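Comments concern the structure below.
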Amino acid sequence: MRHFEAMTDLLSIARALAPSIAAHADEIDAARRLPADLAYTLAQAGFFRMSLPSEYGGLELPPAQTMAVIEELAQAQASVGWCVMIGATTAVNAAYLPDVYARQIWADPSVITGGVFAPKGKATLEGDHYKVSGIWNWGSGSANCAWLVGGAVIMGEGGPQVRMLWFEREQVQLLDTWHAVGMKGTGSGDFEVVDALVPIDRCVALIGTKPRIARPLYAFPVFGLLALCVAAVALGNARGAIADLLALADHKIPTGSRRLLAERASTQMELAKAEGQLRAARAYLYEATQMAFEVATQTGSLSLEDRANLRIAATHATRTSADVVRTLYDLGGGTSVYETCPLQRRFRDAHVATQHLMVAPGTYELAGRALLGVEADFSQM
């Protein structure tokens, strides 16, 4: 009951914030980051605590509930949904970190965390610390984060190991590199650390290790959860694009026509097809998520087939959402290309979402290998 009430509260808050977020979409894009005041509002409401363990003040929502909230925010503006997605899923790390560091990082109820899993850093052991240097790309939402995590290769006598190390904000330099075609407001620039000292226990290994906290959410695959939440952003963006097209079709008379865009048979047919595609992709995504979470709740783990199904559903939803947005963008005709038309933003954001590693086309190949019983490295599925 507590989960449902928390999700309902956040959905209500998201819907209340949506008009203001949508109205400031241009400003968010122009700033190339999530505005600090909006980030603080979202943090205070609990959006970044959706996947945080309850002992650290988290809501610990089931994946489908987190996805629904992210989807609602992305419908207002995809960059906002994306930043919440990153912050919320990063908090899963608390289930793997030693308790003392989890309590330190999430001591402030309004703290925002973020970072990048990719092992772009290098670390060496120095006493009871690691000395770390590296540059990480796609640091979404970093400007509002008090803590950032970065993947690194740790060099030692036992050979190289990959870990995610947690940095205090003061140890990190944000680089102004986010000049992108879409998801402009996510502030997904590079960040760098140079010879940062990190306590040896302030790190996690998400591959090949079990979480310290043994509850259903943390038995769920970490990378699967990230892929699902990326898909939720894409679905919300596509749903918003449908609303944008409906608003345009109600008053636009296309060049060479005497009828409103809404009165044209081609518009009616393509819109109906797009609606069906989006609803079908969403249904598959949520069905796969719910079934997998039930398995994780009952057994404490997921089979390779279960994980493959999650990744197929996430990639399919993300790429179908982009196809839907493309259809709506085309229906908007010449109007769609103007910056004053929200469909151009929807189009750009949709096609940036498809480039995330967790929902890239290669995930289909990996999932297919799992279903066919072909050997491969499934550690990040």
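Please treat every number below as a calculation from the coordinates, not as lab data. Since the model is a prediction, treat every value here as computed from it, not as a measurement. As a convention, Cβ positions derive from the backbone with ideal geometry for all residues, glycine included, and neighbour counts pool all protein chains shown.
Quick notes
- Note that the chain, at 20 °C in a medium of 1.002 mPa s, gets a Stokes-Einstein diffusion coefficient of 101 µm²/s from its Kirkwood radius over C-alpha pairs.
- 0 to 90° range, to nearest 10: angle between helix 2-23 axis and the chain longest Cα axis: 50
- Loop sites in the range 123-199: GluC sites (Glu not before Pro), DSSP, at most 12 other Cβ within 10 Å: 157
- With Cα atoms, 0 to 90° folded angle of helix 222-249 axis to the chain main axis: 20
- At q = 0.10, 0.12, 0.14 Å⁻¹ the log10 of I(q)/I(0) for the range 16-164 amounts to -0.39, -0.54, -0.72, computed by Debye summation with a single uniform scatterer per C-alpha, solvent ignored.
- Computed log₁₀ I(q)/I(0) - Debye formula, equal Cα scatterers, no solvent, the range 113-204, q 0.16 Å⁻¹: -0.58
- Exposure proxy ranking, count of Cβ atoms within 10 Å, fewest first, for 130, 364: 364, 130
- Note on residue 120: lysines with a C-alpha under 21 Å away, same-chain residues under 8 apart excluded, are 131.
- Two-site label geometry, residue 253 and residue 275: point separation in nm, points 7 Å out along Cα→Cβ: 2.6
- Selected from 283, 146, 265 as most flexible by GNM, with the chain as the system and alpha-carbon contacts under 10 Å: 265
- Bridgeable lysines around residue 252 (alpha carbons under 22 Å apart, same-chain partners fewer than 8 residues away excluded): 273.
- The chain: antiparallel DSSP beta bridges as a percent of all, rounded to 5: 75
- At R0 = 51 Å, FRET efficiency that the Cβ-Cβ distance of residue 263 and residue 379 yields, to 0.05: 0.40
- Cα-projected label distance for residue 287 with residue 133, points at 7 Å along beta-carbon direction, nm: 5.3
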